[in-house]
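Student: Attaching a single structure in structure tokens format; questions to follow.
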Amino acid sequence: MAINSTIIPAIFITWLLVISMPTIFAHWTWLKYVDSVTVAESIDQIWPYICVSPVVLALTTLGSALLLSRKEL
């Protein structure tokens, strides 16, 4: 089971390092990732994203449910 595994946390940490290292050392400002420090510092700027995300999630969930209900299984 993936929940009891150490593979998922290792991939998650590795992915953050793969993104953060070139950003820091090569000064690539176009390469972005979400971390807790950046989010905490710029909470005023991300409110539109926080409000839009649940709406998009609800619409895609409804759309997927409609498509699955019409599909013959």
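Nothing in this text is a laboratory measurement; each read-out follows from the coordinates by a stated rule. Please read these numbers as outputs of a predicted model, since none were measured by experiment. Here the Cβ is made from the backbone with ideal geometry for all residues, glycine too, and neighbour counts use every protein chain on show.
Student: At 0.36 nm per residue, and after removing the present C-alpha to C-alpha distance, how many nm does the segment from I7 to L59 gain when stretched out fully?
Tutor: Working: separation 52, 0.36 × 52 = 18.72 nm, distance 3.19 nm.
Extending this stretch completely gives an extra 15.5 nm.
Student: If each of W47 and S20 carries a label point 7 Å out from its Cα toward its Cβ, how far apart are those two points in nm?
Tutor: Roughly 2.8 nm, to one decimal.
Student: Could you give each residue of region 44-50 its phi-based ³J(HN,Hα) in whole Hz, using Karplus coefficients 6.51, -1.76, 1.60 with θ = phi - 60°, and x for Gly or Pro?
Tutor: With coefficients 6.51, -1.76 and 1.60, one gets 5, 7, 9, 4, x, 5, 5 Hz.
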